[in-house]
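Colleague: Questions regarding the structure given below will be posed in turn.
The values are calculated or read from the model by the stated rules, or taken from the named source; none is laboratory data. The shown structure was predicted, so the numbers you read here are calculated from the model rather than taken from an experiment. Please note: Cβ atoms are built from the backbone with ideal geometry, for glycine as well, and neighbour counts cover all protein chains shown. All accessible areas refer to the heavy atoms of the entire protein, side chains included, with ligands and DNA or RNA removed. Shrake-Rupley method; radii C 1.70, N 1.55, O 1.52, S 1.80 Å.
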Amino acid sequence: DARGLGLSSFVSIGNKADVSSNDLLEYWEEDDESDVILLYLESFGNPQKFARVAGRVARSKPILALRSGTSRVGARAASSHTAALAGSDKAVDALFWQAGVLRAGTLEELLDAAVLFSTQPLPRGNRVAVVTNAGGLGILCADACDGAGLELPPLSEETKLALQQAIPEEASMANPVDLLGSATATTYEAVLPALLADPGIDAVIALFVPPVVATAADVAETISRVARGADKPVLPVVMSADGTPPGAFAYPESAARALGLAARRAAWLRRPAGISPDLDRIDRMAASAIISEALAASDDVWLEPREVRALLVSYGLPLVEERYAATPEAAAAAAAEVGFPVVVKTAEAGAHKTESGGVHLDLRDGESVARAAAEIGAPVVVQSYVTEGAELLAGAIQDPVFGPLVAFGPGGVFAELIGSSRLALAPLTDVDAAELVASGKAGRLVAGWRGAPPADQAALIDVLHRLARLAEHHPEVAELDLNPVLAGPDRCVAVDARVRLRRPSQAPSLKTW
């Protein structure tokens with residue numbers, strides 16, 4: 001087309017009655033005429049196979065995808081924090097990242113990125129230099145870069161010295177570099193090599209609005225000529241009443257989004273494939289027995305606290321010490337065994353304890369424990385009162401399309417308000433689990449927020465692996481919350497847990513491809 005993007009093949013597969021996107025990925029993997037793969041997806045017939053195939057193909061060819069129908073996909077009543085924080089569209093994001101698929105937000109973004117991948121090298125990182133002949137346009141581009149996950153670092157002193165030889169004294173050598181309205185094609189030809197030579201710069205976005213002294217075609221051709229000889233991407237953005245020249249972007253936001261996807265691909269290619277670790281202290285048979293007994297009377301049930309504990313212990317998950325008490329007197333005796341101070345909680349299956357008033361904290365004698373148990377209503381659970389560590393949430397759900405998912409994010413009573421939980425599809429590799437623990441707002445808590453000591457990352461990663469294995473082995477585990485998980489410097493422990501079981505549908509999937 002006018003932007004220099006050609007098609008080696010175009011396939012419309014309708015309802016995927018006999019050919020799926022997985023089939024086409026495997027075909028294009030072997031097609032020497034295809035350099036970039038574009039997908040428009042409404043559904044996934046076999047997400048697990050898609051993840052395997054796409055993860056292999058993306059190592060050699062970029063895969064760009066546009067997903068529609070996101071506003072209502074996966075809508076369902078969610079009773080647990082994990083289910084409320086998760087959603088099928090988040091599951092798509094998790095699937096795409098793990099498989100190396102780049103998700104475009106619009107059709108325009110899909111085509112912009114395709115042009116970039118077809119014509120330019122990948123950036124080595126996300127550090128961008130912006131050069132412009134209009135200061136306001138440079139600021140707009142800087143904002144768009146920030147939204148696309150890109151950084152505009154300061155230029156090196158060597159780069160600034162080189163720029164001084166090519167631009168007027170009143171021009172700005174900050175990043176964005178403002179060449180002023182007097183800039184011509186010759187100015188851009190002198191400035192771009194200096195920016196590309198800066199070791200702290202991974203890509204350049206060159207912006208131009210035609211003044212009286214230079215034409216859009218001349219400057220666009222100059223930028224493109226410099227880009228053809230560069231080992232870093234150079235994205236021209238030319239805003240002209242005469243239209244966008246071939247190979248250029250019409251708006252700074254378009255260039256920033258496309259470059260953001262390119263940087264994301266570069267980061268994914270550097271990401272190790274990872275392995276699924278061996279886990280000890282797993283008693284799969286014991287977990288199956290607990291699940292079978294609970295589902296004998298109902299196809300959808302919240303487990304009682306004793307059943308929850310037994311299930312989690314069977315997979316080696318770290319839990320706070322606790323006792324089950326049927327009466328206030330028994331609660332006081334249990335507290336003496338556990339050791340003061342303690343927490344008294346309702347033993348009602350599936351309850352949001354803080355919302356229902358079903359928890360009393362920091363009780364320091366038997367009398368206060370008995371009083372709390374009477375107020376809550378027996379039976380109750382008596383636990384050690386643990387306060388050290390960051391409050392985190394770890395959980396697992398069975399997505400109706402994608403199967404078992406693991407969630408990790410900020411925990412406590414504000415888990416849903418804060419949000420920012422991240423998902424990964426099971427099975428988890430060591431890389432998947434480490435990324436969940438280290439990324440987002442939860443990652444900042446784990447690293448030590450506002451002077452707090454860093455949490456035990458290895459212990460948290462182990463928890464995620466065990467949750468993933470539990471969800472994989474037992475699809476009956478529909479929703480599972482560990483909230484909060486208190487993570488300190490040398491251990492982590494779950495102080496509250498809720499598990500919902502649901503008998504899986506027996507209707508087999510007709511699609512295996």
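Colleague: For the range 307-397, which fully contained strands (runs of 3 or more DSSP E) count at least 3 residues that are without any contact (Cβ under 8 Å) to a residue 60 or more places away in the chain and under 39 Å from the mean Cα position of the chain (by Cα)?
Modeller: By residue number, 342-346, 359-363.
Colleague: Of all the residues that make up the range 394-427, how many are among the polar types (S, T, N, Q) and modelled with pLDDT under 90?
Modeller: Residues in the range 394-427 being among the polar types (S, T, N, Q) and modelled with pLDDT under 90: 2 in total.
Colleague: Could I ask something else about it? For the range 289-312, name all the residues that are open to solvent by 10 Å² or more (accessible area, probe 1.4 Å) and either farther than 29 Å from residue 374 by Cβ or among the polar types (S, T, N, Q) (or both).
Modeller: 289, 290, 292, 293, 296, 297, 298, 299, 300, listed by residue number.
Colleague: Just a yes or no: is a residue in the range 481-494 among the aliphatic types (A, V, I, L, M) and over 26 Å from residue 384 (Cβ atoms)?
Modeller: no
Colleague: Search the range 96-120 for residues being assigned to a helix (DSSP H, G or I) and small (Gly, Ala, Ser), and hand back the single one that is surrounded by the most Cβ atoms within 10 Å (Cβ to Cβ).
Modeller: Among residues in the range 96-120 that are assigned to a helix (DSSP H, G or I) and small (Gly, Ala, Ser), the one surrounded by the most Cβ atoms within 10 Å (Cβ to Cβ) is 113.
Colleague: What number of residues within the range 139-192 are in contact with a strand residue (DSSP E or B) (Cβ under 8 Å, 6 or more places away or on another chain) and under 25 Å from residue 265 (Cα atoms)?
Modeller: Qualifying residue count, the range 139-192: 11.
Colleague: So if I check each of 258, 250, 267, 273, which one is modelled with pLDDT of 95 or more, among the small types (Gly, Ala, Ser) and open to solvent by 10 Å² or more (accessible area, probe 1.4 Å)?
Modeller: Among 258, 250, 267, 273, only 267 is modelled with pLDDT of 95 or more, among the small types (Gly, Ala, Ser) and open to solvent by 10 Å² or more (accessible area, probe 1.4 Å).
Per-residue answers, yes or no, for (1) more than 19 Å from the chain's Cα centre (by Cα); (2) at pLDDT below 85; (3) of a type in the set (Gly, Ala, Ser):
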{"site": "4", "(1), (2), (3)": "yes, yes, yes"}
{"site": "9", "(1), (2), (3)": "yes, no, yes"}
{"site": "21", "(1), (2), (3)": "yes, no, yes"}
{"site": "31", "(1), (2), (3)": "yes, no, no"}
{"site": "43", "(1), (2), (3)": "yes, yes, yes"}
{"site": "46", "(1), (2), (3)": "yes, yes, no"}
{"site": "53", "(1), (2), (3)": "yes, no, no"}
{"site": "59", "(1), (2), (3)": "yes, no, no"}
{"site": "72", "(1), (2), (3)": "yes, yes, no"}
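Colleague: Output yes when any residue across the range 202-209 is open to solvent by 60 Å² or more (accessible area, probe 1.4 Å), acidic (Asp, Glu) and either under 19 Å from residue 253 (Cα atoms) or part of a loop (DSSP other than H, G, I, E, B) (or both), and no when none is.
Modeller: Looking for residues that are open to solvent by 60 Å² or more (accessible area, probe 1.4 Å), acidic (Asp, Glu) and either under 19 Å from residue 253 (Cα atoms) or part of a loop (DSSP other than H, G, I, E, B) (or both), one finds none in the range 202-209, hence no.
Colleague: Do we find that residue 286 is open to solvent by 10 Å² or more (accessible area, probe 1.4 Å), modelled with pLDDT under 95, at negative phi and outside any loop (DSSP other than H, G, I, E, B) in this structure?
Modeller: no
Colleague: So which of 144, 129 is assigned to a helix (DSSP H, G or I), at pLDDT 95 or above and at negative phi?
Modeller: Of 144, 129, the one residue that is assigned to a helix (DSSP H, G or I), at pLDDT 95 or above and at negative phi is 144.
Colleague: Just the residues that are in contact with a Leu (Cβ under 8 Å, 6 or more places away or on another chain), part of a helix (DSSP H, G or I) and more than 13 Å from residue 63 (Cβ to Cβ), please, taken from the range 1-47.
Modeller: Matches in the range 1-47: 47 only.
Colleague: Assuming residue 188 fulfils every condition listed in (1) without any contact (Cβ under 8 Å) to a residue 40 or more places away in the chain; (2) part of a helix (DSSP H, G or I); (3) more than 35 Å from the chain's Cα centre (by Cα) apart from one, which condition is it?
Modeller: (1) is the only condition that residue 188 fails.
Colleague: Another question, then. Under 9 Å between Cβ atoms, at least 6 apart or on separate chains: pull out the pairs that start in the range 454-466 with a residue that is free of Cβ contacts under 8 Å to residues at least 40 places away in the same chain and on the phi < 0 side of the Ramachandran plot and end on any residue that is aromatic (Phe, Trp, Tyr) and surrounded by fewer than 23 Cβ atoms within 10 Å (Cβ to Cβ).
Modeller: none
Colleague: Tally up the residues in the range 234-292 that are closer than 19 Å to residue 435 by Cα and among the polar types (S, T, N, Q), please.
Modeller: Number of matching residues: 1.
Colleague: So, in the range 427-456, exactly how many residues are touching a strand residue (DSSP E or B) at 6+ places or on another chain (Cβ under 6 Å) and assigned to a helix (DSSP H, G or I)?
Modeller: 6
Colleague: Here is a follow-up. Output the residues belonging to the range 29-43 that are over 16 Å from residue 110 (Cβ atoms) and surrounded by 10 or more Cβ atoms within 10 Å (Cβ to Cβ).
Modeller: Within the range 29-43, 29, 31, 43 qualify.
Colleague: Scan (1) open to solvent by less than 20 Å² (accessible area, probe 1.4 Å); (2) modelled with pLDDT under 95 for the single condition residue 466 breaks and write down its number.
Modeller: Only one criterion in (1) open to solvent by less than 20 Å² (accessible area, probe 1.4 Å); (2) modelled with pLDDT under 95 is unmet by residue 466, namely (2).
Colleague: Shifting gears a bit: Can you name the residue in the range 137-148 that is among the small types (Gly, Ala, Ser) and surrounded by 15 or more Cβ atoms within 10 Å (Cβ to Cβ) and, of all such residues, is farthest from residue 181 (Cα to Cα)?
Modeller: Among those that are among the small types (Gly, Ala, Ser) and surrounded by 15 or more Cβ atoms within 10 Å (Cβ to Cβ), it is 148.
Colleague: In the range 175-184, is there at least one residue being touching a Pro at 6+ places or on another chain (Cβ under 8 Å), aliphatic (A, V, I, L, M) and not in a loop (DSSP other than H, G, I, E, B)?
Modeller: Scanning the range 175-184 turns up no residue that is touching a Pro at 6+ places or on another chain (Cβ under 8 Å), aliphatic (A, V, I, L, M) and not in a loop (DSSP other than H, G, I, E, B).
Colleague: Further question on the same structure: Filter the range 245-273 down to residues that are without any contact (Cβ under 8 Å) to a residue 24 or more places away in the chain and over 28 Å from the mean Cα position of the chain (by Cα), then give me how many there are.
Modeller: Matching residues across the range 245-273 total 1.
Colleague: Hey, another quick one. Would you point out the residue of the range 278-303, among those that are within 29 Å of residue 461 (Cβ to Cβ) and charged (D, E, K, R), that is nearest to the chain's Cα centre (by Cα)?
Modeller: Within the range 278-303, the match that is nearest to the chain's Cα centre (by Cα) is 278.
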